[in-house]
1. Take Thr136 and decide whether it is in contact with a Lys or Arg (Cβ under 7 Å, 6 or more places away or on another chain), in contact (Cβ under 8 Å) with a residue 60 or more places away in the chain and either of a type in the set (S, T, N, Q) or not in a strand (DSSP E or B) (or both).
2. Anything in region 83-117 that is in a loop (DSSP other than H, G, I, E, B) and either closer than 15 Å to Trp159 by Cβ or not assigned by TED's automatic domain parsing to the domain that holds Met36 (or both)? List them, or say none.
3. Considering only residues that are exposed (fewer than 13 other Cβ atoms within 10 Å of the Cβ), farther than 27 Å from Asn83 by Cβ and not acidic (Asp, Glu), which ones fall in region 108-154?
4. Could you check, for region 66-76, whether at least one of its residues is within 16 Å of Gln43 (Cα to Cα) and touching an Asp or Glu at 6+ places or on another chain (Cβ under 9 Å)?
5. With respect to Ala42, is the statement that it is more than 19 Å from Thr128 (Cβ to Cβ) and either modelled with pLDDT of 95 or more or assigned by TED's automatic domain parsing to the domain that holds Arg153 (or both) true?
Amino acid sequence: MTMKKPVAAVLAVLVFALSASSSAHEEATKDPTSSMDVPVAAQGATAVVDRFGAALQKADLATVEAILDPDVLILESGGAERNRKEYLGHHAPADAKFLKDAHIQMTHRTARRDGDLVWVGTESEVHTQKDGKPLTLLSSETMVLKLEADDWRIVHIHWSSRPKK
């Protein structure tokens, strides 16, 4: 019976050392020249961001609806849509139409997780056409996701873009 406490203490120290070593290893193996800075803890949420973008581009508004929190706040070009229903009934179809034939090239992504919240900042070049002429936009996107019952839901989006010179 007296051996259980020392064994438990050794195991606790070993688990702590391994987790600290794993975190140090993750930091040490990051490529400082990489344009992606997404820790493992945020990868599930970034996969949802990617799924959202793909669904919007394919005009799969049922998937877009499933990923968005009912009370999502979407800010774009000085305007706001204050919930999922408003976005789906207003800008979502136009966004899907705009993105349908666009080629989106991600140039940088940063994500951070704090408990049940993750923020994801993504910079991209959007290659499309306007009035039959090629157009490249520099796009910045911030999404905040919340973990709810093992699923990530987008609770906030901020989009901005400008033509590339």
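The values are calculated or read from the model by the stated rules, or taken from the named source; none is laboratory data. These numbers were taken from a predicted model, which means no experiment stands behind them. Ideal geometry is used to build each Cβ from the backbone, glycine not excepted, and the neighbour counts take in all protein chains shown.
1. no
2. His90, Ala102 - these are the residues of region 83-117 that are in a loop (DSSP other than H, G, I, E, B) and either closer than 15 Å to Trp159 by Cβ or not assigned by TED's automatic domain parsing to the domain that holds Met36 (or both).
3. Answer for region 108-154, where residues must be exposed (fewer than 13 other Cβ atoms within 10 Å of the Cβ), farther than 27 Å from Asn83 by Cβ and not acidic (Asp, Glu): Gln129, Lys130, Gly132, Lys133, Pro134.
4. Scanning region 66-76 turns up at least one residue that is within 16 Å of Gln43 (Cα to Cα) and touching an Asp or Glu at 6+ places or on another chain (Cβ under 9 Å).
5. The answer is yes for Ala42.
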